[in-house]
Amino acid sequence: MHVVVAGDTVLPVGERPRRVADLAAAVRELEARRPRWVWADTRDTYPGLLRAGVRVSRCHDVALTEALLLAREGRFGEPRSARAAHARLHGLPVPDDEPGAPDTLFPPESLGAEQMAEVLAGQLARIEALPEPGRFRLLAAAESAGALIAAEMSHDGMPWREDVHDALLTELLGPRPVHGMRPAKLQALAHEVSAAFGHPVNPDSVQQLVKAFKQAGVSLSSTRSWELKRVEHPAVAPLLAYKELARLFSFHGWTWADQWVRGGRFRPEYVVGGVVSGRWATSGGGALQIPKVMRRVVVADEGHTLVVADAAQLEPRVLAAMAGDVGLARAAGEIDLYSALAQAFGGDRDHAKIAMLSAMYGGTSGDAPKLLAIMRQRFPKAYQFVEDAAKAGEEGRLVRSWLGRTSPPPSSRWKELVSGPEGGRAARDRGRFTRNFVVQATAAEWALAMMAVLRGLLPEGAALVFFQHDEVMVHCGLDQAEEVGAAVASAAAQATRLLFGATPVRIPMEAVAVASYADAK
């Protein structure tokens, strides 16, 4: 059963639309029928329901689904809003996704419930017309479930001890400075940099640094850490220390906490499908880039624990399942895939890992060519699977994930390059992208499916509070830790079956209960 939500109107498909005075109350009432809620964009509708204390079990996000369909149809990047989908359906001019200009008094008019129902019907028909509609339905459902989870994680927040954060910053940087000033330890390092050059140099200015090094007889193309580490000069050590602490101060300092930490919870803004492979991004807060030193600030509430788990060697296991390579799938049935593969590489686990990563990422340096030759012989289907994806990319063709997420087409700039003197390099670069796309995008689908299942298995009071690529964190009561750990393992197994059916491939997730995120790894 689908129920369309548009403004103050709900429309159970097949019934008459009805206006409601209290949307949250209406949704709460209808949720007992376990519908799939249909709305233009989860980011616009669901946060208000969450603030009203209402949660739903599943939804169909029109914007996310439209983006997936457009890419599948070779129209990657076209406007994906519900209004755009409706205009496209009726052959009307398609509006941009962005709202009107800043001086526009009124925002674009939203679709009514009956128009939204038309868009839903059109999307479902387009899915049914695909060669493998069942897979794409699962992709759209998983992407929409991800939108629910992202909104819930932002609403619930990740435990963040502000007192521990302040103490850590003070330890590393010195006391909180007045606005516009550097912390004491950063300022001291800035003085060291200037002293090493013999004159004032702003360590935040790339231009000044490059000029100062040039005057000292050192030619640099940038001030990136990897390039600085190759230079012998007394300014390098304090400058590297400055850059590390300055990044911490900028991205996770006191001002950052003022903006993103409220009520002892870190509340970032996640962007579902923010990366072309389907991985998430953030539009604020940097939740996917929490430095290790900051993990000690993530502390469970009293009487609670954090259950943290990540999928072991996810991408090579996904490749084994997609390619149907018997030998690799057999190894992927073990806890440590690389150890299971080691025999094929002279008993060397590191060689097995290099071969797998080179196959998935297009590595060609060092021992990679020799090890890839072994992989081609021992695991031919897996090797050919990524080789075919790379060849498609080199030829400018599209590739797709297991469930049907489609890679973006080559840019016009790439087409210019590939026909010129640098054509071979441009082709190989795109081949490396498409080689990894098919694996990384499928791994992202598995992670979404796993989270969607896990969300439904968690006991009351337990909440998903963090997700990054293949890692999840659940905040729960101490007495729930064992149940949550079992739910994580079950969700991983169910997600594997959902995507790949009967397969010997295992994607294990070992959960650990900790008081602080820093204790998880």
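The values are calculated or read from the model by the stated rules, or taken from the named source; none is laboratory data. Just so you know, these numbers come straight off a predicted model, no measurement behind them. Reconstructed Cβ throughout: ideal geometry from the backbone, glycine too, with neighbour counts over all protein chains shown. All accessible areas refer to the heavy atoms of the entire protein, side chains included, with ligands and DNA or RNA removed. Shrake-Rupley method; radii C 1.70, N 1.55, O 1.52, S 1.80 Å.
What relative contact order, as a whole-number percentage, does the chain give when Cα pairs under 8 Å and 6 or more residues apart are counted? Let's see the in-between values first.
Details: 816 pairs, mean separation 78.9, N = 521.
In percent, rounded to a whole number, it is 15.
Across all directions, the shadow cast by the convex hull of the range 393-485 built on its C-alpha atoms averages 7.4 square nanometres.
Around the amide H of His60, modelled in the peptide plane, lie the amide H atoms of Trp37, Val38, Trp39, all under 5 Å away and 5 or more residues distant in sequence or on another chain. For the chain, DSSP calls about 85 percent of its internal beta bridges antiparallel.
Classify the chain as rounded, prolate or oblate, taking a ≥ b ≥ c as the square roots of the eigenvalues of its Cα gyration tensor: rounded when a/c is under 1.5, otherwise prolate if a/b is larger than b/c and oblate if not.
Numbers: a/c = 1.44, a/b = 1.20, b/c = 1.20.
Rounded is the answer for the chain, as its axis ratio a/c remains below 1.5.
Normalising by the residue count of the range 271-408, find the relative contact order in percent from Cα pairs under 8 Å and 6+ residues apart. Each step should come with its number before you reach the end.
Numbers: 113 pairs, mean separation 24.1, N = 138.
Averaging sequence separation for qualifying contacts and normalising by length gives 17 percent for the range 271-408.
Measuring spread by the Cα atoms of the range 156-299 yields a radius of gyration and Dmax of 17.7, 54 Å. Overall, the ratio between the Cα radius of gyration of the range 329-441 and 2.2 N^0.38 Å, rounded to two decimals, is 1.16. Take every Cα pair under 8 Å whose residues are at least 6 apart in sequence, average their separation, divide by the length of the range 405-478, and the relative contact order is 18 percent. The slack in the chain from Glu460 to Arg397, taken as 0.36 nm per residue of separation less the alpha-carbon distance, amounts to 18.0 nm. If the chain linking His179 and Lys521 were pulled fully straight, counting 0.36 nm for each residue of separation and taking away their Cα-Cα distance, it would gain 119.6 nm. Treating the Cα atoms of the range 362-521 as identical point scatterers in vacuum, please give the log10 of the normalised Debye intensity I(q)/I(0) at q = 0.11, 0.13, 0.18 Å⁻¹, two decimals. Here the Debye-derived log intensity ratios amount to -0.63, -0.79, -1.07. Shape summary: the range 1-104 maps onto an equivalent ellipsoid whose semi-axes, from the alpha-carbon gyration tensor, are 26, 16, 13 Å in decreasing order.
Kirkwood Rh and Cα-based Rg: tell me the resulting Rg over Rh for the range 14-73, rounded to two decimals. List each step's numbers first, then the result.
Values: Rg = 13.1 Å, Rh = 12.8 Å.
Ratio of gyration radius to Kirkwood radius for the range 14-73: 1.02.
Taking the convex hull of the alpha carbon atoms in the range 171-222, what volume per residue do you get, in Å³?
85
Over the range 120-236, all Cα pairs binned in 10 Å intervals from 0 give whole-percent P(r) values of 11, 22, 16, 14, 15, 16, 6, 0, listed from short to long.
Shown here: the range 19-176, whose C-alpha atoms stretch 61, 41, 38 Å along the first, second and third principal axes, sorted largest to smallest.
Full extension of the chain between Asp8 and Ala129 gives 40.3 nm of extra length, using 0.36 nm per residue less the Cα-Cα distance.
When the helices in the chain are scored as -39500 (n - 2.57) per DSSP H run of 4 or longer and the sum is shared across all residues, what 222 nm value do you end up with, to the nearest 500 deg cm²/dmol? Intermediate results must be reported in sequence, preceding the final value.
Values: 21 runs with 264 residues, N = 521.
Computed ellipticity for the chain at 222 nm equals -16000 deg cm²/dmol.
Of the solvent-accessible surface of the chain, computed with a 1.4 Å probe over protein heavy atoms with every protein chain present, carbon and sulfur atoms account for 51 percent.
Can you pick out the pairs among Lys185/Lys229; Lys391/Lys415; Lys211/Lys243; Lys370/Lys415 whose Cα atoms lie more than 23 Å from each other? Display every interim value, and only then the final one.
Details: Lys185/Lys229 21 Å; Lys391/Lys415 16 Å; Lys211/Lys243 18 Å; Lys370/Lys415 32 Å.
With Cα atoms farther than 23 Å apart: Lys370/Lys415.
Under a 1.4 Å probe, what is the accessible area of the chain per residue, stated in Å²?
Values: 24790 Å² over 521 residues.
The answer is 48 Å² per residue.
Once you reduce the range 1-43 and the range 463-521 to the center of their Cα atoms, the two points are 32 Å from each other. Just so you know, the Cα atoms of the range 319-372 work out to an Rg and Dmax of 10.8, 29 Å.
When each of the peptides 382-391, 89-98, 136-145, 507-516 is scored by the mean number of other C-beta atoms lying within 10 Å of its residues, the order from highest to lowest reads 136-145, 382-391, 507-516, 89-98.
With no solvent and one point on each alpha carbon, what is the Debye value of log10 I(q)/I(0) for the range 428-482 at q = 0.14 Å⁻¹? One equal scatterer on each Cα of the range 428-482 leads to -0.50.
Of the residues Asp479, Asp163, Asp336, the one with the largest accessible area comes first in the ranking Asp479, Asp163, Asp336, computed with a 1.4 Å probe on protein heavy atoms.
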